[in-house]
1. Note the per residue figure in Å³ for the convex hull of the C-alpha positions in the range 79-196.
2. Among DSSP beta bridges whose residues both lie in the chain, state the antiparallel percentage, nearest 5.
3. Give the Cα extents of the range 133-190 along the principal axes, in whole Å, largest first.
Amino acid sequence: MVPANRSDADSRPTAGGAEAAAVAARPDSHRLASAPDGRVTFVEFLDFECEACRAVYPAIEQLRREYGDRVGFVVRYFPLPSHFNAERAARAVEAAAQQGRFEQMYQRMYETQAEWGEQRAPKDEVFRGFAVDLGLDMAAFDAAYTAPATLDRINADVADGHALGVQGTPTFFVDGVRLEPAGYQDLTDALDAALA
């Protein structure tokens with residue numbers, strides 16, 4: 001299958017081809033897996049409070065198991081303003097990333113989303129508890145969680161998402177081309193086509 005909506009005005013990146021791929025996956029973007037040849041890159045713009053992102057999380061984990069040695073998997077922050085704790089969750093994940101624990105905090109957010117998501121009260125202490133559970137240096141975590149540079153990092157991902165036409169989450173790209181998958185098979189078809 002050729003990735004869908006190549007010419008759809010709503011999903012067409014403002015950049016084209018290699019430029020779109022470079023915006024979708026920056027050199028400093030967080031990677032859950034890197035392919036040795038770096039030929040194919042799967043990118044997800046996500047919001048940790050997004051129920052659709054949580055619903056697709058097991059499928060992404062399955063893709064990683066199936067393609068992780070052949071496809072790079074990149075995660076980009078895209079917290080939606082309508083989700084009260086989404087930005088806080090992204091800051092917690094980024095603060096953990098600064099101690100080399102990005103993947104563990106990323107997973108923890110989805111595994112616990114039902115406990116803290118869709119609430120209108122700040123969940124900073126919940127996220128801090130996750131950091132304690134992961135054995136992070138809490139002074140460093142607290143400093144990173146509130147640092148302007150952490151928010152700048154998140155906002156840079158959001159800006160790249162907007163440049164690529166991202167409006168909601170989850171939004172997927174393979175080599176800079178936006179996908180509109182109806183199911184898991186569409187994702188595997190897109191990766192298989194990119195690898196061919």
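Every number here is computed from the coordinates shown, using simple stated rules; none is lab data. Owing to the predicted nature of the structure, the values given are computational and were not obtained by experimental measurement.
1. Details: hull volume 15.2 nm³, N = 118.
Convex hull volume per residue, Cα atoms: 129 Å³.
2. Working: 10 of 16 bridges.
Antiparallel bridges: around 60 percent, rounded to the nearest 5.
3. 45, 28, 18
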